[in-house]
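Student: Before anything else, here's the structure in question.
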Amino acid sequence: MTADASLKIAGLYQNLVKITDFVTKWARTARLNDRAMYAVQMSVDEACSNIIEHAYGGEGKGDIHLRCELLDAGLRVTIVDFGRPFNPQLVEAPNLRAPLEEWGAGGLGLFLMRQLMDEVSFSFKPGRNELVMLKKRTPPA
Amino acid sequence: MTADASLKIAGLYQNLVKITDFVTKWARTARLNDRAMYAVQMSVDEACSNIIEHAYGGEGKGDIHLRCELLDAGLRVTIVDFGRPFNPQLVEAPNLRAPLEEWGAGGLGLFLMRQLMDEVSFSFKPGRNELVMLKKRTPPA
Amino acid sequence: MLEITGQELRRCDLVKVRGRVDSDTAPELGRALHDIIKAGRFKIVLNVSGVSFMSSAGLRQLIDILKTCKRWNRGNLLLAEASPKLYEVLELAGLLSIFSVYKTEAEAVGSF
Amino acid sequence: MLEITGQELRRCDLVKVRGRVDSDTAPELGRALHDIIKAGRFKIVLNVSGVSFMSSAGLRQLIDILKTCKRWNRGNLLLAEASPKLYEVLELAGLLSIFSVYKTEAEAVGSF
Ligand SMILES: Nc1ncnc2c1ncn2[C@@H]1O[C@H](COP(=O)(O)OP(=O)(O)O)[C@@H](O)[C@H]1O
Ligand SMILES: Nc1ncnc2c1ncn2[C@@H]1O[C@H](COP(=O)(O)OP(=O)(O)O)[C@@H](O)[C@H]1O
């Protein structure tokens, strides 16, 4: 079984709730359990916040396109923006053993996405940045 | 409508639960509301504890007879013991304005019974002490 | 049968009692609280949310502990999360003038 | 929309936040906590039991406040009553090494 749905929405922080509702609905359809659903919600929230803040450099500067696909393995979410590209390789993961003073330097968002999702991959074409994330369905215990 | 039930039980503190269950059942049958039911429970508990402690001077020294009567007005509970009589007139109500050091001198139990019930009356015949308490049913608001 | 659980916090002891506090069980509660006092700790928060019934024997026990705790200004026995029924009894018995009753454990603990 | 309620206790402030803490709402939470800090109070317990969702923007905000509170040993920001989901996120993000998370408000308040 496969199915997919898409959402095009303005890059505004207040739209994060609608974006979450959209992916939650499809995460549920994909029969993800509560933990997996929360992982998807956090990662998508994070990705879209980054797009607004970093790719567009602020609110209301461009749209975000989301696509949810039901796969046999679980749920795939694709998020596209048309702003500034970046090099994810250059973003260092935070040092979880660092003393408190060194915390908060950034990189926490991408790190969490990678921790929470099973696959996270960025691809950049001129004028179009694409992020694909996969969350697998864990068989009921 | 009137109806009545009685319970004869040994004067042991561990029997207070059974005594409470008995009066609770009849308080419910009398359609007392929660507050009124709690008032009956506390007062009966208090009266029976006093009987064990003061009238019998300890546990296992004598029985307590309880009787519940459903009246049009509410519930009447009669409690009889066969121990030492006392003079309720001589028991002073606690001074609720007293400083803390003067608290705990006693008299709280009888005071609470009188506060909680609509009628409280003692009568003493040789070898038989009787306490009659009435809790009225308040019409549903 | 009472269920009594205690926890020593930094500035006070937090004790939770569940069940029926009557002449039969009040001594149990008294012992638990006296154990804390005997260890030299006089600041106690008693969470009474789980108390289904409190007779005057229970109240007497609490008054006794309160007096011991407050002596020489060394502490207090605070009540937390009294049910409406218990609150009413405390009020009728005039005990609100000597006991402080807090809505939540945290507020009681935080007042020490 | 967040619901934030605060209460000044004797030795710390108790703040309760309810709702979704994301990039949109995290600044609100930040302002509420900074108001306490600006008033010179650096001991804060944050009850997060009502947080339905916390994004990394929310976590970043908390880290920022934590650092400000702990500076010169003058205080701390303690979390209380984290849901299992939130706890897992804190764990994944490595934040359990810098945040103290308490099961109950009372334990957190009582640790100051
Ligand atoms: N979608 C994006 N577009 C452009 N730059 C991004 C994007 N996502 C992340 N970045 C860059 O990666 C860095 C790390 O991002 P992140 O891990 O979310 O932490 P933070 O936002 O706290 O800096 C950002 O500071 C930014 O420079
Ligand atoms: N059933 C009883 N039989 C004998 N004496 C009683 C009885 N009930 C109460 N008393 C006397 O009245 C006093 C006050 O009783 P009470 O108000 O219950 O307070 P307390 O038991 O704390 O002294 C008792 O100390 C006792 O002398």
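Laboratory data are not the source of any read-out in this text; all were calculated from the coordinates shown. Treat the numbers as computed from the prediction; the structure is a model and nothing was measured. Counting neighbours? That spans all protein chains shown, and the Cβs are built from the backbone with ideal geometry, glycine included.
Student: Report, by residue number, each residue of region C:58-85 that is at the interface with another protein chain (Cβ under 9 Å from one of its Cβ atoms), under 13 Å from the mean Cα position of the chain (by Cα) and of a type outside the set (K, R).
Tutor: Within region C:58-85, C:L59, C:I63, C:D64, C:L66, C:A80 qualify.
Student: Of the residues that sit in region A:43-88 and are surrounded by 19 or more Cβ atoms within 10 Å (Cβ to Cβ) and without any contact (Cβ under 8 Å) to a residue 40 or more places away in the chain, which one is farthest from A:L112 (Cα to Cα)?
Tutor: A:C48
Student: With the checklist (1) within 14 Å of chain D (Cβ to nearest Cβ); (2) within 16 Å of ligand 1 (Cβ to nearest atom); (3) touching a strand residue (DSSP E or B) at 6+ places or on another chain (Cβ under 8 Å) in hand, flag the one item A:L12 doesn't pass.
Tutor: The one condition A:L12 does not meet is (3).
Student: Given (1) touching a Lys or Arg at 6+ places or on another chain (Cβ under 7 Å); (2) within 12 Å of ligand 2 (Cβ to nearest atom), identify the lone condition not met by B:L75.
Tutor: Condition (2) is where B:L75 drops out.
Student: Follow-up question, since we're still on this one. Only one of (1) out of contact with any strand residue (DSSP E or B) (no Cβ under 6 Å at 6 or more places or on another chain); (2) within 20 Å of B:E101 (Cα to Cα); (3) at the interface with another protein chain (Cβ under 10 Å from one of its Cβ atoms) is not met by C:E88, so which one is it?
Tutor: In the conditions (1) out of contact with any strand residue (DSSP E or B) (no Cβ under 6 Å at 6 or more places or on another chain); (2) within 20 Å of B:E101 (Cα to Cα); (3) at the interface with another protein chain (Cβ under 10 Å from one of its Cβ atoms), C:E88 misses (2) alone.
Student: Looking at (1) assigned to a helix (DSSP H, G or I); (2) touching a helix residue (DSSP H, G or I) at 6+ places or on another chain (Cβ under 6 Å); (3) within 29 Å of C:S100 (Cβ to Cβ), find the lone condition where B:V23 falls short.
Tutor: Only one criterion in (1) assigned to a helix (DSSP H, G or I); (2) touching a helix residue (DSSP H, G or I) at 6+ places or on another chain (Cβ under 6 Å); (3) within 29 Å of C:S100 (Cβ to Cβ) is unmet by B:V23, namely (3).
Student: Please give the number of the condition B:V91 fails out of (1) in contact with a Gly (Cβ under 6 Å, 6 or more places away or on another chain); (2) farther than 25 Å from C:L66 by Cα; (3) surrounded by fewer than 22 Cβ atoms within 10 Å (Cβ to Cβ).
Tutor: (2)
Student: Would you check if there is a residue in region C:50-70 being touching a residue at least 40 places away in the same chain (Cβ under 8 Å), closer than 30 Å to D:C12 by Cβ and in contact with a Cys (Cβ under 9 Å, 6 or more places away or on another chain)? Even if it seems obvious, please write down each step before you answer.
Tutor: Looking only at region C:50-70, we keep the residues that are touching a residue at least 40 places away in the same chain (Cβ under 8 Å), and these are C:50, C:61.
Within this subset, residues satisfying the condition of being closer than 30 Å to D:C12 by Cβ are C:50.
From what's left, in contact with a Cys (Cβ under 9 Å, 6 or more places away or on another chain): none.
Scanning region C:50-70 turns up no residue that is touching a residue at least 40 places away in the same chain (Cβ under 8 Å), closer than 30 Å to D:C12 by Cβ and in contact with a Cys (Cβ under 9 Å, 6 or more places away or on another chain).
Student: Continuing with this model, one more query. Check region C:19-28 and report whether any residue there is within 13 Å of the chain's Cα centre (by Cα) and more than 12 Å from every other protein chain (Cβ to nearest Cβ).
Tutor: no
Student: Restricting the search to region D:91-112, which residues are facing another protein chain (nearest Cβ under 7 Å) and acidic (D, E)?
Tutor: D:E105, D:E107
Student: Further, regarding this structure: Which pairs do you get when a residue that is surrounded by fewer than 21 Cβ atoms within 10 Å (Cβ to Cβ), found in region A:10-23, comes within reach of a residue that is among the hydroxyl-bearing types (S, T, Y) and not in a loop (DSSP other than H, G, I, E, B), reach meaning Cβ atoms under 8 angstrom, with the pair 6+ apart or on two chains?
Tutor: Qualifying pairs under 8 Å: A:Y13/A:S49.
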